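Peer 1: Structure provided below as structure tokens; questions to follow.
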Amino acid sequence: MTEARYTAAQITLHWSSAILVLAIIALPYGGDLFAGLLGGPGEVFTLHKSLGLLVMALTVLRLAVRARHGAPQVLPAEARLNLLAAKTGHALLYLLLVLMPLSGLLFGKRPLNLFWLVEIPPLPLSETVRGLAKDFHVTAQFLLFALILGHAGAAIWHHHVRRDGVLRAMLPARD
């Protein structure tokens, strides 16, 4: 029997997004280290914001690919609680991967220099809207951290405890 698998495009988009999200998280927390490498604290946030918008674009693409190809049935249909948890977790991850960059864009007061190539002026918003966007961004990061840890933990649990094909379905194929 052939094991259910995600498409090569879905796997590539998943792991590309995962690596980029880890870099986005690391940049502000390792600001001093990265500022030296990138030429200053402002450059750290230029990269942080640019990568965030890239992840948002990749997430929209991921959702389009998923809508076209669907997702393989890697959990048994009778595991209703696991299916609900997985669907809820994925929906929240996708939502945050879109809302986090948007909120970051909304609260910025200075132009965004997208990968040092294109300058995007700040949006003409009130301080109230900027404050709400910043509060959301700062608070939602902790929900994102929890979801990422839960997602990775569930994948490891499925692989090492359940020994089912859930993690293998998202790993690149071995020939």
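Peer 1: Report the relative contact order of the stretch 47-131, percent, no decimals, based on alpha-carbon pairs under 8 angstrom and at least 6 residues apart.
Peer 2: This gives 35 percent for the stretch 47-131.
Peer 1: Note down the magnitude of the dipole of the stretch 18-135 about its Cα centre, charges +1 on Lys and Arg C-beta and -1 on Asp and Glu C-beta and zero elsewhere, to the nearest 20 debye.
Peer 2: 360
Peer 1: Still on this structure, I have one more. Using R₀ = 30 Å, calculate the FRET efficiency as 1/(1 + (r/R₀)^6) where r is the Cβ-Cβ separation of residue 125 and residue 11; round to 0.05.
Peer 2: Once rounded, the FRET efficiency stands at 0.20.
Peer 1: Label-point separation (nm) for residue 98 and residue 35, each offset 7 Å from Cα along Cα-to-Cβ?
Peer 2: With each label point 7 Å from Cα toward Cβ, the separation is 3.5 nm.
Peer 1: Kirkwood Rh over alpha-carbon pairs of the chain, then Stokes-Einstein at 37 °C and 0.692 mPa s: what D in µm² s⁻¹, rounded to an integer?
Peer 2: It comes out at roughly 184 µm²/s.
Peer 1: Sticking with the crude label model, points 7 Å out along Cα→Cβ, report the distance from residue 25 to residue 118 in nm, one decimal please.
Peer 2: Computed distance between label sites residue 25 and residue 118 equals 2.8 nm.
Peer 1: Right, another one. Just need the relative contact order of the chain here, percent rounded to a whole number, with Cα pairs under 8 Å and 6+ apart.
Peer 2: Across the chain, relative contact order equals 26 percent.
Peer 1: Long-range amide H contacts for residue 113: which residues qualify at under 5 Å (H placed 1.01 Å from N, peptide plane, sequence gap of 5 or more or a different chain)?
Peer 2: 120
Peer 1: Separate question: List the aspartates and glutamates whose Cα sits under 14 Å from the Cα of residue 49, skipping any in the same chain fewer than 8 residues away.
Peer 2: Here the aspartates and glutamates satisfying the reach criterion relative to residue 49 are 119.
Peer 1: Moving to a separate point now. Measuring from centroid to centroid over Cα atoms, what is the spacing of the stretch 79-104 and the stretch 3-27 in Å?
Peer 2: So the two Cα centres are separated by 14 Å.
Peer 1: Once both labels are modelled 7 Å past Cα along the beta-carbon direction, what's the residue 135-residue 87 spacing in nm?
Peer 2: Taking the two extended label points, one gets 3.3 nm.
Where a number appears in this text, it was derived from the coordinates with a stated rule and is not lab data. Every value quoted in this text rests on a predicted model; they were computed, and no experiment measured them. Because the Cβ atoms are built from the backbone with ideal geometry, glycine has one as well, and the counts that use them run over all protein chains shown.
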